[in-house]
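These notes concern the structure reproduced below.
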Amino acid sequence: MGRNIGPKSAWSGKARIMAETKEYLFFTLPAFLIFTLIILIPFLIGIYYSFTEWNGITKDALWIGVRNYVDLVTKDESMGNAFVFTAKFTFMVLLLSNALGLALALCLTLPLKTANPLRIVFFIPNVIGGLILGFIWRFIYNQAFPAIGKLTGLSFFLLPWLGTPETGFWGLVIVYVWRTAGYLMIIYIAALVSVDESLLEAAKIDGASPIRIFTRIVVPLIVPAFTVCVFLMLSWAFKIFDVVYSLTNGDPYRSTESLALNIYNEAFIYNNYGLASAKAVIFFLFVGLITLVQVSLTKSREVEL
């Protein structure tokens, strides 16, 4: 006998769909409203102000079209300098943070009795807020390092770490790598412990050296972790603000001014909200493009078992 599909069963199907829809809205609508109020609406307002001339004080903003974007290309040099600094900074911390995070992960996946306490110790800097971290390291560079240098005579500690463009750059790199390497370490540890031990044992039996096992087996299997870590470091480093603001504030002579700090200064120091909004829009598009390209390139190299 065929299945009887009548009005009652059709109604029950609609009721189930309605119940599932209500449940879906119950869990997603609050988050969507918060996202809309805090992220989406300010983002759209920022795009509008990027086409205006406004000092943040007067009631009305003067509509000037694309003049802010033209001025960014033809007149504004500060954003170009900030971009060069941010690109150099991102490249260095991307390499060093991932290298240090992976090295720590390799060491702390060995059978060590102190592995778990050491994981906590290396992760703690990531918990400290960026502003607090900057003030702590400003004290270290200005007070602790000179004192250590006088006691030991080591020139490394006597360098003017926040006094020149070169040392200021490397001072920021040291702080940021110290802060982020522990977080990346946790991601790499999770990837390393998920590697199938039978593959490693088979390679050892076949006579493969530890370096060959690492480069030919382990690295291809943890490419998803590389994808995540590189994505995080690109987005974090390009958007760096708090550490730079509290440690150097862009000094000396705006040589350590990041893109985010440049936008902040344009809006809240020079009161050019329209130009700052245009810079923020360009900044958003650039970071989005870079991260999309990076994810697509690294995703294509992932190994599926």
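The values are calculated or read from the model by the stated rules, or taken from the named source; none is laboratory data. Note that the coordinates shown come from a computational prediction; the quantities given were computed from them, not determined experimentally. Every residue, glycine as well, gets a Cβ built from its backbone with ideal geometry; the counts of neighbours run over all protein chains shown.
Looking at (1) loosely packed, with under 15 Cβ neighbours inside 10 Å; (2) in contact (Cβ under 8 Å) with a residue 40 or more places away in the chain, find the lone condition where Thr86 falls short.
(1)
Looking at Ile174, Ile189, which one is under 27 Å from Pro111 (Cβ atoms), within 32 Å of the chain's Cα centre (by Cα) and either in a helix (DSSP H, G or I) or in the same structural domain as Leu234 (by TED's automatic domain parsing) (or both)?
Ile189
Report yes if some residue within the stretch 293-304 is of a type in the set (Lys, Arg) and touching a residue at least 60 places away in the same chain (Cβ under 8 Å); otherwise report no. Don't jump to the end; show me each part of the working.
Residues of the stretch 293-304 that are of a type in the set (Lys, Arg), as a first pass: 299, 301.
If we keep only those that are touching a residue at least 60 places away in the same chain (Cβ under 8 Å) too, we end up with 299, 301.
Yes: one or more hits.
Just for the stretch 253-291: of the residues that are among the charged types (D, E, K, R) and in a helix (DSSP H, G or I), which one is surrounded by the fewest Cβ atoms within 10 Å (Cβ to Cβ)?
So the first thing to find is which residues in the stretch 253-291 are among the charged types (D, E, K, R), and the list is 254, 257, 266, 279.
Filter once more, keeping what is in a helix (DSSP H, G or I): 266, 279.
Details: Glu266: 23, Lys279: 26.
Among them, the one singled out is Glu266.
Listed residues Pro224, Pro210; which is more than 30 Å from Ala61 (Cα to Cα) and in contact with an Asp or Glu (Cβ under 6 Å, 6 or more places away or on another chain)?
Pro224
Residues Ile124, Ile132, Ile120, Ile148: which one is of a type in the set (A, V, I, L, M, F, W, C) and within 16 Å of Asn249 (Cα to Cα)?
Checking each option against the conditions leaves just Ile132.
Look through Thr248, Thr215, Thr167 and report the one residue that is within 30 Å of Tyr264 (Cβ to Cβ), polar (S, T, N, Q), assigned by TED's automatic domain parsing to the domain that holds Leu131 and free of Cβ contacts under 8 Å to residues at least 40 places away in the same chain.
Thr167
Is it true that Phe135 is buried (at least 16 other Cβ atoms within 10 Å of the Cβ) and among the aromatic types (Phe, Trp, Tyr)?
No.
Any idea how many residues of the stretch 33-57 are within 23 Å of the chain's Cα centre (by Cα) and aromatic (Phe, Trp, Tyr)?
Final tally of qualifying residues: 2.
What's the number of the only condition in (1) of a type in the set (Gly, Ala, Ser); (2) at pLDDT 90 or above; (3) not in a helix (DSSP H, G or I) that Gly46 fails to meet?
That leaves (3) as the condition not met.
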